[in-house]
1. Being modelled with pLDDT under 95, not hydrophobic (A, V, I, L, M, F, W, C) and not in a loop (DSSP other than H, G, I, E, B) is the requirement here; does GLU206 meet it?
2. Take segment 18-49 and flag every residue that is under 23 Å from the mean Cα position of the chain (by Cα), within 26 Å of MET146 (Cα to Cα) and not in a helix (DSSP H, G or I).
3. Within the bounds of segment 33-56, is there any residue that is charged (D, E, K, R) and closer than 30 Å to GLN217 by Cβ?
4. Conditions first: (1) open to solvent by 10 Å² or more (accessible area, probe 1.4 Å); (2) farther than 21 Å from ARG204 by Cα; (3) part of a helix (DSSP H, G or I). TYR123 passes all but one, so which condition is the exception?
5. I'd like to know if segment 190-203 contains one or more residues that are basic (Lys, Arg), closer than 19 Å to PRO7 by Cα and open to solvent by 20 Å² or more (accessible area, probe 1.4 Å).
6. What residue, of ASP53, ASP17, ASP95, is exposed (fewer than 13 other Cβ atoms within 10 Å of the Cβ) and at pLDDT 95 or above?
7. Please count how many residues of segment 209-246 are among the hydrophobic types (A, V, I, L, M, F, W, C), assigned to a helix (DSSP H, G or I) and surrounded by 13 or more Cβ atoms within 10 Å (Cβ to Cβ).
8. Go through LEU114, LEU72, LEU82, LEU104 for me and flag whichever is touching a Lys or Arg at 6+ places or on another chain (Cβ under 9 Å) and either surrounded by fewer than 22 Cβ atoms within 10 Å (Cβ to Cβ) or of a type in the set (Ser, Thr, Tyr) (or both).
Amino acid sequence: MRIIISPSKRMKVNEEDFPICRLPVFLEKSEELLSFLKKKNLRQLKDIWKCSDKIAFMNHENLKTVSLTEHLTPAILAYTGLQYTTMAPHVFSKDALDYIQKHLRIISGFYGTLAPFDGIIPYRLEMKAALDINENNSLYDFWGKMIYDEIIEDDHLIINLASKEYAQTITPYLHDEDQMITLIFGEEIDGKIKQKGTFAKMARGEMVRYLAENNIQNKEDIKAFNELDYHYSEEHSNDHQYVFIK
């Protein structure tokens with residue numbers, strides 16, 4: 001079983017709390033992207049990053065001196081978005097940390113896929129960013145089938161906690177023997193399930209914690225999740241979508 005999650009825009013450097021285990025598996029591809037970005041001027045980078053002038057300038061300056069092999073932070077600690085702060089991996093037990101290293105993968109526009117203790121640097125590059133690199137018109141083209149191939153395991157089961165933007169790196173390549181189960185956290189309003197961004201992000205973090213702390217190996221055991229007042233809804237779920245409502 002593999003669990004996939006999205007990265008967050010907000011990142012930090014933390015070289016003290018946990019050691020890194022390895023470098024990202026697609027580091028050569030990341031070097032290609034870094035070289036590509038370094039050749040762009042500030043205006044071009046701002047168009048790619050879709051950010052403010054201040055953020056574009058800061059990241060443009062960082063590109064001038066950055067190295068992909070120095071001052072590295074474990075990926076699970078580098079991202080500081082709501083999903084990650086709710087997950088709180090710094091207080092996981094050793095068994096829970098071992099669990100996420102084996103089962104959890106972060107999908108990244110810059111790194112492709114990341115295990116939790118891969119060493120990374122802060123970067124800014126969303127999967128949906130429009131860029132033309134090596135005859136590829138998008139990052140989806142640039143990464144192609146590589147992310148799927150790296151994530152899929154012998155049991156062909158993927159638990160999807162990623163946003164649509166990042167799950168789309170995998171869905172076009174799924175085979176008949178594969179099963180991707182998307183976990184949805186929402187509320188029933190006027191007969192429809194509505195997801196609210198803040199609560200959904202928090203629930204995804206709590207779900208990773210639940211899976212890790214309970215050493216979940218069977219997809220049926222996922223249904224017992226009941227954090228943040230969410231409960232599994234048999235009525236709204238199917239083989240490809242587990243819905244939790246509050």
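1. Working: modelled with pLDDT under 95: no; not hydrophobic (A, V, I, L, M, F, W, C): yes; not in a loop (DSSP other than H, G, I, E, B): yes.
Judged against the criteria, GLU206 is not a match.
2. ILE20, CYS21, ARG22, LEU23, PRO24, VAL25, PHE26
3. Step one: filter segment 33-56 for residues charged (D, E, K, R), giving 38-40, 43, 46-47, 50, 53-54.
Right, trim to closer than 30 Å to GLN217 by Cβ and you get none.
Within segment 33-56, not a single residue is charged (D, E, K, R) and closer than 30 Å to GLN217 by Cβ.
4. (3)
5. yes
6. Values: ASP53 fails: at pLDDT 95 or above; ASP17 fails: at pLDDT 95 or above.
ASP95 is the lone residue from the list that is exposed (fewer than 13 other Cβ atoms within 10 Å of the Cβ) and at pLDDT 95 or above.
7. Here is the first cut: in segment 209-246, the ones among the hydrophobic types (A, V, I, L, M, F, W, C) are 211-212, 216, 222, 224-225, 228, 243-245.
From what is left, the residues that are assigned to a helix (DSSP H, G or I) are 211-212, 222, 224, 228.
Of the ones still in play, those that are also surrounded by 13 or more Cβ atoms within 10 Å (Cβ to Cβ) are 211-212, 222, 228.
Residues that pass the stated criteria total 4.
8. Within the list LEU114, LEU72, LEU82, LEU104, the selection yields LEU82.
The values are calculated or read from the model by the stated rules, or taken from the named source; none is laboratory data. What you see is a predicted model, and the numbers here were worked out from it, not measured in a lab. A quick note on method: Cβ atoms are made from the backbone with ideal geometry, for glycine too, and the neighbour counts reach across all protein chains shown. Quick note on the areas: whole protein, heavy atoms, side chains included, nothing else; ligands and nucleic acids left out. Shrake-Rupley method; radii C 1.70, N 1.55, O 1.52, S 1.80 Å.
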